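Engineer: Okay, here's the structure, questions in a sec.
The values are calculated or read from the model by the stated rules, or taken from the named source; none is laboratory data. Because the structure is a prediction, the values reported are computed rather than measured. Quick reminder, even Gly has a Cβ in these numbers, built from the backbone with ideal geometry, and neighbours come from all protein chains shown.
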Amino acid sequence: MDKDVRRLLVTALSLVVFLFVGRGVIGSVFDDAGERRAALSARNGLSGAGAAKPSSGASAQVRQLRGSLYDQLAALLPRLAYERPDGFDVPPGRSADLFFLDALRREQEGLVQAARFQGKSVPVDLGMPVPNPTGTEDVLAALQALHVVNLVVSAALDADCAAIDAIQMVPAAGRRRQAALVRTHGVKFDLRGTPRAVHEMVAALAAGQPYLALDDVQIEALDENGETVRCRMVAAAVSFDRETLEELELLP
């Protein structure tokens, strides 16, 4: 098999499995054993793909599969390539430090006050670092996390979750090592609500724009009847390394 074809196959399969597992978290959390088994099967099959010796007719089959994967990736990449939207990206000529303070105050007024109006609670600091970040790189990372907070808190309030007890940025040193192709920027959340509210929140996040990957999702009952549950999870914005995409000729 041509080495470029083999490398493309493994990389594309890695991406598809990564995205599938991210989407499949809803099913696995809520006892959808079929999706969980399918994800594990795909991952286990992938682990030996690079070392397997193809049969005489494997190259044609792989080239056909490559075409199918190209079509899938062409549809997925525009939706899943996260970019900071207006309001969470420092405009040219603006002080990054001052822009972050303005954005944080705006989100505090919108999210914290909205929660209080509904009789709910959200951490006043929205999980942002103390002291405030300085320097363009740290500010941009905090703004990206602030946008994730905006999406999750908004979804939680819309789903009628009772409270968000804690929000915490995932420190760079604590992040898992990632493949060069896929990059994530995560925020930890600890919240409470009815099972229905938590389910609706998670479903809204997984189906929303932009796509948020959900990781380390843990749900536990807080009372004997299971009427209130606690949900701990990491929500992460997903982006891709453009140089790697160009090298693999995966960009439209």
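Engineer: Condition check: in contact (Cβ under 8 Å) with a residue 12 or more places away in the chain, out of contact with any strand residue (DSSP E or B) (no Cβ under 8 Å at 6 or more places or on another chain) and in the same structural domain as Gly193 (by TED's automatic domain parsing). Does Gln118 satisfy that? I'd like the intermediate steps shown before the answer.
Structural biologist: Numbers: in contact (Cβ under 8 Å) with a residue 12 or more places away in the chain: yes; out of contact with any strand residue (DSSP E or B) (no Cβ under 8 Å at 6 or more places or on another chain): yes; in the same structural domain as Gly193 (by TED's automatic domain parsing): yes.
It is true that Gln118 is in contact (Cβ under 8 Å) with a residue 12 or more places away in the chain, out of contact with any strand residue (DSSP E or B) (no Cβ under 8 Å at 6 or more places or on another chain) and in the same structural domain as Gly193 (by TED's automatic domain parsing).
Yes/no per residue for (1) under 24 Å from Ala166 (Cβ atoms); (2) modelled with pLDDT of 90 or more:
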| residue | (1), (2) |
| --- | --- |
| Gln61 | no, no |
| Leu65 | no, no |
| Tyr70 | no, no |
| Glu83 | no, no |
| Phe88 | yes, yes |
| Phe117 | yes, yes |
| Val130 | yes, no |
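Yes/no matrix, rows are residues, columns are (1) part of a helix (DSSP H, G or I); (2) β-branched (Val, Ile, Thr); (3) touching a residue at least 24 places away in the same chain (Cβ under 8 Å):
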residue: Phe99; (1), (2), (3): yes, no, yes
residue: Arg105; (1), (2), (3): yes, no, no
residue: Leu111; (1), (2), (3): yes, no, yes
residue: Asp138; (1), (2), (3): yes, no, no
residue: Ala145; (1), (2), (3): yes, no, yes
residue: Val148; (1), (2), (3): yes, yes, yes
residue: Ala155; (1), (2), (3): yes, no, yes
residue: Asp165; (1), (2), (3): no, no, yes
residue: Gln168; (1), (2), (3): no, no, yes
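Engineer: Moving on to the next point. Out of all the residues in the range 203-222, is one or more without any contact (Cβ under 8 Å) to a residue 60 or more places away in the chain, farther than 21 Å from Phe88 by Cβ, within 16 Å of the chain's Cα centre (by Cα) and not in a helix (DSSP H, G or I)?
Structural biologist: yes
Engineer: Could you list all residues from the range 125-143 that are surrounded by fewer than 19 Cβ atoms within 10 Å (Cβ to Cβ) and at positive phi?
Structural biologist: Listed by number, the list holds a single entry, Gly135.
Engineer: For Tyr82, indicate whether it is surrounded by fewer than 19 Cβ atoms within 10 Å (Cβ to Cβ) and among the aromatic types (Phe, Trp, Tyr).
Structural biologist: Values: surrounded by fewer than 19 Cβ atoms within 10 Å (Cβ to Cβ): no; among the aromatic types (Phe, Trp, Tyr): yes.
No; evaluated as a whole, the condition is false for this residue.
Engineer: Follow-up. Can you give me the number of residues within the range 106-124 that are among the β-branched types (Val, Ile, Thr) and either at positive phi or surrounded by fewer than 16 Cβ atoms within 10 Å (Cβ to Cβ) (or both)? Can you show your working first?
Structural biologist: Let us first name the residues in the range 106-124 that are among the β-branched types (Val, Ile, Thr), namely 112, 122, 124.
Filter once more, keeping what is either at positive phi or surrounded by fewer than 16 Cβ atoms within 10 Å (Cβ to Cβ) (or both): 124.
Count: 1.
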